[in-house]
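> Just passing along the structure, written as structure tokens.
The values are calculated or read from the model by the stated rules, or taken from the named source; none is laboratory data. This is a predicted model, so every value here is computed, not measured. Cβ sites come from the backbone with ideal geometry, for glycine too, and all protein chains shown count toward neighbours.
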Amino acid sequence: MKRIMFLSFLLFMGIGTMLYSQTIEVQNTYEITGKAKRGALGHVEYDQASGVYTLVYVTKSNEKKAKFQVYTFDRDFKFLNMVEDEIEFDKAKTKYTWFKYNGELYSVTGNYVEPNLVGTLVLKKKKITYKYDWLLLGYYKTVEILEKVKPKTDDGRKLFYLKHAEDDRTGDIYVLCGVKANMKDAKDDNAAAYRHQMDIHLLKFNADLDIVGDIPVKFDFPQQVAFGTTITKMYEDDPDNPGISGIVFVTVPMGGPGMNKFADPKMNNYTYLRFNTEGTPSLKERISFESPAIYWRMDEMVVADDAVYIFGVSAPGKEKYYNMITNVTKFKGVQLMKIAGGKVEYLTETTLEDFAAKVKFPPSQKKIEAYEGKRFHFANYYVSDNGDFFVLGQKFDEAKEGNKYKDVLTFHFDNKGVLKSQYAVDLLESNQYSKAAGCPQDLIEGNKSMYWLMMEIKGVTMWNPKPLTYPRIGKIDINTGTISDPAAFGKIEKADYYLDPKFPFLQTDGGNKIVFFGSDKSGKTIWFCRVAL
């Protein structure tokens, strides 16, 4: 699943339930030192007891030391103090536990999965090299593929690759594959040609490429994998390097010429498979369900608490097996499924006509096109306290030079999966940078309201390439399914300020407030803005 950009941080902020108008309570700026400007903001924390904000900037001092500049501000963002701390790298990691530095350059060995032209499973070693970037205060990696190892099952039969996942944190790999028939099987069983699509296994290989888990999944009819994704495992000591805690696959029956005797007569008979991967892997859930449309392109899966939501476009009316429906570019509906408690809680299909009929705009905005079943970038999601499900995204067109992003949309489904409204907002920015990158978005929940945050992209900085974004907030009334005119923030008189890409929001005391944090374009003057919603 694509990573949700701001959700976890906002949930931590303690936004309260009584939210009304969006007005600036306090706004302040402060000019930091040249050293801090050249460095990077590595950590922000807020002490509720004292009301003190602490900002720590980091620069490399020499080959053995780093310099930390620690700024403190009061509850209303007035400057209190700044102290410098130059310290060896190893000691810094103990004193500043958030400082994850393992040297300028280091490498680890992992595993790589590669199918060949006939689907035979091929495993290879890979070398992952990490190089530290002092402007990002993190590592970027390059991967080199090394020698290969061709695994076999215990009985010597070959495996047909279907899907896989690689855990760079542990070096483990997970491979969904089918057992290929041998010549003897083909003579004894006419269905042997499809065995690799019916006798399916999830294999777990450790970092040494030993098989440490083998979960068989048997089917009565040949299957195609229609969807697969991982469930992310976060590590507190290294949040930038997540692992895998689970895997989900969804299969659908195969059919076509020559398969009449062996194909599932129910062409829409999907199967949901969820595996636990920690320790010895196991099959947690196997759920069969009938999709309203035979062809459902599952685009995104999100996990919220113990529930799983799968969302994607569908092409109803195509009465063929999934594997025979190709090159679909125009879709007629959207399907949303919720799985909870080991069963399908709901599976709904919404037509494009329903989307068009339920589109809502801010009062002063011109009308723009509703969702048309074409290209859509999934930006974020939110599950409200009453179980409503929100999908945030953006329409885009494909071009030779890359995607061209357009209007932002939020789909609002009720707690039964029925579309309540589609909210459509025309972005203020239409420059080359905003068109080339999707607009970051999020939702904050209030009392019978949702606050839609849009981070508009105005440009990029040249001295340290990063997006220049400012926030806009629109209020969604959950009961009426309407949206207000979005309010923009980030301007003091004639000066413009932009959100910090790593710490766009700061914690508050709770209640009906949000704190934006950023700087001017040069990064020299930092900016605080507390807004009452």
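> Would you confirm whether or not segment 90-97 contains a residue that is under 28 Å from GLU31 (Cβ atoms) and surrounded by 15 or more Cβ atoms within 10 Å (Cβ to Cβ)?
yes
> A further question follows. Hey, can you tell me all the residues within segment 322-347 that are in a strand (DSSP E or B) and either among the polar types (S, T, N, Q) or surrounded by 20 or more Cβ atoms within 10 Å (Cβ to Cβ) (or both)?
Answer for segment 322-347, where residues must be in a strand (DSSP E or B) and either among the polar types (S, T, N, Q) or surrounded by 20 or more Cβ atoms within 10 Å (Cβ to Cβ) (or both): GLY333, VAL334, GLN335, LEU336, MET337, LYS338, ILE339.
> A further question on this structure: Considering only strands (runs of 3 or more DSSP E) fully contained in segment 1-69, which possess at least 3 residues that are among the β-branched types (Val, Ile, Thr), modelled with pLDDT of 95 or more and closer than 30 Å to GLU86 by Cβ?
Per the criteria, 52-60.
> Scan segment 382-402 residue by residue and report those that are assigned to a strand (DSSP E or B) and of a type outside the set (Val, Ile, Thr).
TYR382, PHE389, PHE390, LEU392, GLY393, GLN394, LYS395, PHE396, ASP397
> OK, next. Given (1) modelled with pLDDT of 95 or more; (2) in a strand (DSSP E or B), identify the lone condition not met by GLY417.
(2)
> Please determine, by comparing only the residues of segment 460-472 that are part of a strand (DSSP E or B) and modelled with pLDDT under 95, which one is nearest to SER421 (Cα to Cα).
PRO467
> Further question: Filter segment 189-212 down to the residues that are surrounded by 19 or more Cβ atoms within 10 Å (Cβ to Cβ) and in contact (Cβ under 8 Å) with a residue 60 or more places away in the chain, then identify the one that is farthest from ASN111 (Cα to Cα).
TYR194
> Take the residues in segment 103-113 that are more than 24 Å from the chain's Cα centre (by Cα) and modelled with pLDDT under 90, then tell me which one is farthest from LEU41 (Cα to Cα).
The selected residue is THR109.
> Something else now. Please find, within segment 165-185, the residue that is nearest to ASP238 (Cα to Cα) out of those that are in contact with a Lys or Arg (Cβ under 9 Å, 6 or more places away or on another chain) and outside any strand (DSSP E or B). Walk me through it before giving the result.
So in segment 165-185, the residues in contact with a Lys or Arg (Cβ under 9 Å, 6 or more places away or on another chain) come out as 166-169, 172-182, 185.
From what is left, the residues that are outside any strand (DSSP E or B) are 167-169, 172, 180-182, 185.
Working: ASP167: 14, ASP168: 12, ARG169: 10, ASP172: 17, LYS180: 40, ALA181: 44, ASN182: 46, ASP185: 49 Å.
So the residue we want is ARG169.
> Looking at PHE503, PHE517, which one is of a type in the set (Phe, Trp, Tyr), within 20 Å of THR54 (Cβ to Cβ) and part of a loop (DSSP other than H, G, I, E, B)?
Working: PHE517 fails: part of a loop (DSSP other than H, G, I, E, B).
On inspection, the qualifying residue turns out to be PHE503.
> Can you name the residue in segment 25-79 that is out of contact with any strand residue (DSSP E or B) (no Cβ under 6 Å at 6 or more places or on another chain) and hydroxyl-bearing (Ser, Thr, Tyr) and, of all such residues, is surrounded by the fewest Cβ atoms within 10 Å (Cβ to Cβ)?
SER50
> On to the next question. From the list GLU319, GLU300, GLU285, which residue is part of a loop (DSSP other than H, G, I, E, B) and surrounded by fewer than 21 Cβ atoms within 10 Å (Cβ to Cβ)? Quick ask: steps written out before the conclusion?
Numbers: GLU300 fails: part of a loop (DSSP other than H, G, I, E, B); GLU285 fails: part of a loop (DSSP other than H, G, I, E, B).
On inspection, the qualifying residue turns out to be GLU319.
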